[in-house]
1. Take the Cβ-Cβ distance between Ser184 and Tyr234 as r, set R0 to 51 Å, and report the resulting FRET efficiency rounded to the nearest 0.05.
2. Under a straight-distance cross-link criterion of Cα-Cα below 17 Å, which aspartates and glutamates are reachable from Lys195, leaving out those fewer than 8 residues away in the same chain?
3. Could you work out how far helix 123-136 tilts from the main Cα principal axis of the chain, as a 0 to 90 degree angle to the nearest 10?
4. Between 0 and 90 degrees, rounded to the nearest ten: what's the tilt of helix 141-151 against the longest Cα principal axis of the chain?
5. Distance between the C-alpha centers of region 25-75 and region 166-212? Whole Å please.
6. Based on the Kirkwood radius over alpha-carbon pairs, what value in µm²/s does the Stokes-Einstein equation return for the translational diffusion coefficient of region 209-285 at 25 °C and 0.890 mPa s?
7. Between Gln57 and Ile270, 0.36 nm times their residue separation minus their Cα-Cα distance comes to what?
8. Mind grabbing the base-10 log of I(q)/I(0) for the chain at q = 0.14 Å⁻¹? Debye formula, identical points on the C-alpha positions, no solvent, two decimal places.
Amino acid sequence: MATTTTAAIPQPEVRRPNRITLLLRYLRRNSSLGFGIILALMLIGFTAYGMATIDTQDAYPLAAKTKQPPSLEYPFGTDFFGRNLYAAMVVGMWQTALIGVLAGAIGTMVGIILGFTSAYFGGVVDGGIKGICQILTPIPVFLIQVVIAGSLDKRDVTIFTMAFIVVLLAWMGPTLVIRSQVLSMKERQFVSVAKLSGVGDMGIIFKEIMPNLLPFIAAAFVGQVFAAVFASFYLAVLGLGPLREPLLGNIIWGAQSQGAFFNGWWWWPIIPALFMIAILGALALINMGLDELANPRVRRSE
């Protein structure tokens, strides 16, 4: 009786996509995050190119002909004070971004420290931090910021002063959010296993809990940057910012004070308003995308 042998059929090798491919696929699914990053990169590119090609002094008064409409010489026109609005947009963009990043980073860092301390160690510390946050949270932040900014001498107001004013009441939200996440995380099984293995408190915080909260921390940071940029914008629109600096809100305040629309200088307030919408839109889209990444209930699978 003849025996037959069956040759093993070679299986095709399955090649896993690299990290860049996986990232692009995720950004295609998470359209909010993808569009937000693209818009933010465009704004960064505009600012970087402008800073490399313009004279920053053109962003300040008496640097150009006054009240010139958009043209080849002045792409965004000039204002009543003789500022080249193209240069003002470039300089004002990075100044606005600096305020947002500084205030957002400080507020998020304070929120991380207080949130972890409150949730992980509990007891009287938790009660005190939680109580302070619950007392301060209902206070209208806008009014407090206006009162503080309005009480300062205009000559003392700088970019860093505005960042400090914005961050004074900006840490309660991140504190409460991170506290709630740590309370949930520290009851997980992997934390119990780490404790039984002899891992200390700092090791559990930084090696076990912190890595799992990075998406929440990133979302909190972007949310704080959004709030800081918006706060610096409305304070400047009210004339409470460093008036000589070409912040986007300052340019709109100048346009309001000189009756730009009534005098036909339509480009003066519209251009900074469009740039501010683009900045806030990019931050809002990125925040929405990070919220999807951090929240398993809304996270989409491939």
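The numbers here are math on the coordinates, done by the rules we state, and not lab data. If you're wondering where the values come from, they're calculated on a predicted model, not measured in any experiment. For neighbour counting, all protein chains shown are included, and Cβ atoms are generated from backbone atoms with ideal geometry for every residue, glycine included.
1. Numbers: r = 35 Å, r/R0 = 0.68.
In this case the efficiency is close to 0.90.
2. By straight Cα distance, Lys195 reaches Glu187, Glu208.
3. With rounding to tens, the tilt is 30 degrees.
4. Approximately 40 degrees, to the nearest ten.
5. 39 Å
6. Values: Rh = 13.9 Å.
Reported coefficient: 177 µm²/s.
7. Numbers: separation 213, 0.36 × 213 = 76.68 nm, distance 2.20 nm.
Length difference between fully extended and current span is 74.5 nm.
8. -1.09
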